[in-house]
1. Considering only segment 207-224, state which residues are within 15 Å of the ligand (Cβ to nearest atom) and either outside the structural domain of ASN326 (by TED's automatic domain parsing) or in contact with an Asp or Glu (Cβ under 8 Å, 6 or more places away or on another chain) (or both).
2. Residues that are surrounded by fewer than 14 Cβ atoms within 10 Å (Cβ to Cβ) and of a type in the set (A, V, I, L, M, F, W, C): list the strands (runs of 3 or more DSSP E) wholly contained in segment 260-368 that include at least 3 such residues.
3. Which residues, counting only those in segment 213-243, are of a type outside the set (A, V, I, L, M, F, W, C), more than 25 Å from ILE290 (Cβ to Cβ) and crowded, with 16+ Cβ neighbours inside 10 Å?
4. With respect to PRO73, is the statement that it is crowded, with 20+ Cβ neighbours inside 10 Å and outside any helix (DSSP H, G or I) true?
5. Could you give me the residue pairs with C-beta distances under 7 Å whose first residue belongs to segment 170-182 and is near the ligand (Cβ under 10 Å from one of its atoms), whose second residue is acidic (Asp, Glu) wherever it lies, and which are 6+ apart or on separate chains?
6. Against the definition (within 16 Å of the ligand (Cβ to nearest atom) and touching a strand residue (DSSP E or B) at 6+ places or on another chain (Cβ under 9 Å)), how does GLU289 come out, yes or no?
7. Can you name every residue in segment 200-225 that is closer than 27 Å to GLN297 by Cβ and touching a helix residue (DSSP H, G or I) at 6+ places or on another chain (Cβ under 6 Å)?
8. Suppose we keep only residues that are polar (S, T, N, Q) and surrounded by fewer than 24 Cβ atoms within 10 Å (Cβ to Cβ) within segment 87-107. Which one would you say is nearest to the ligand (Cβ to nearest atom)?
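The values are calculated or read from the model by the stated rules, or taken from the named source; none is laboratory data. Note that the coordinates shown come from a computational prediction; the quantities given were computed from them, not determined experimentally. Using ideal geometry, Cβ is built from the backbone for each residue, glycine included, and neighbour counts are taken over all protein chains shown.
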Amino acid sequence: MKIDGTHYRTIWQDDAGVVQVIDQRWLPHELRIVPLKTRADFAVAIRDMWVRGAPLIGAAAAWGVAVAMQEDPSDAGLSETWQVLNETRPTAINLRWALDEMERVLRPLAPSERAAAAAKRASDICDEDVEINRNIGLHGLDIIKQIAAKKPGQTVNILTHCNAGWLATVDWGTATSPIYHAHEAGIPVHVFVDETRPRNQGAQLTAWELNHHGIPHSLIVDNAGGHLMQHGEVDMVIVGTDRTTARGDVCNKIGTYLKALAAKANGVPFYVALPSPTIDWRVDDGVKEIPIEERNQEEVTLVQGRGADGQIALVQISPDGTPARNPAFDVTPAELVTGLLTERGLCPADTTEMEKMFSDLKAAMLAD
Ligand code: MRU
């Protein structure tokens, strides 16, 4: 997508072969682009959320393997890289998906062939992500068109949580791709952006993206969605996912579950934009089986913003020493999900239907 007229991806290899990323910790106040040159750089960038969002975590891990293969392409080096990068963030399955995919391609090769093959596969994974998200957008556009047809001349109001926008992927985003496509198609859309405490990905990233694309939006506090739904102000919810199980339970940013409950109670359709690498066919019951990342307490007690002096700073919002809990994700059970917007089309959140649409991918994952 474009920033001030220039097309960017979130991760790319520059002309000198160095991997560059947008360091998202400083948005929306500063656009910082940083090189990642070593395996350790990638591990820190994923763990400390310079790059974040399930698809981008996967893409970054793939490039991390490619860079690691320049450092040590041996069998032991490959195993250690898989281990080190897999430990960076536990919930988004795209991380493991990408590491397994790199391993599948690289393991049979001689060490001397691995660096080049790894760079090629990492680059292809990025291109595939863009294409997946473009297609999610086209299928989502059909749904937005249907809603628009029921309220001619009026704006379609869409609520989203966290940032499942282009910054969370290589390009397009998942939940935002239908919105960008609808905007391009001339359908009037307006987005309610959940601020998404504790790290405020909605306020800092989604609002920034939508602003750059001229898409009408309103930032709302996380607690406002239920009220807006009760008053008929939300036509649909679209969120992303960090891991979706074989039966369609959806793990996503903390707070997603509450939005799904509110949507169900108010008859608002709740869609999940789901790229196929985010399906974990090994798990069924998301609540019981998905490991939920618990992050630092300080993400709850401190909030980052830009002060009147123009400097980016952290401010403490609770008394000294207040203990906090910080589960970063929650699970929305399949029965609360109206549909999964995938690159192959709209799929019910249901074991049989998901298997029908993705039998090839399920077989491939379970064969590993
Ligand atoms: O902790 P984050 O910022 O990595 O969490 C991101 C989300 O929860 C997104 O909604 C999810 O990864 C889907 S991104 C297309």
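1. Of everything in segment 207-224, just one residue is within 15 Å of the ligand (Cβ to nearest atom) and either outside the structural domain of ASN326 (by TED's automatic domain parsing) or in contact with an Asp or Glu (Cβ under 8 Å, 6 or more places away or on another chain) (or both), namely ASP222.
2. 312-316
3. Selection gives HIS213, HIS217, GLU233, ASP235.
4. yes
5. Hits for this filter: THR176/GLU209.
6. no
7. Across segment 200-225, the qualifying residues are LEU205, LEU219, GLY225.
8. Among residues in segment 87-107 that are polar (S, T, N, Q) and surrounded by fewer than 24 Cβ atoms within 10 Å (Cβ to Cβ), the one nearest to the ligand (Cβ to nearest atom) is THR91.
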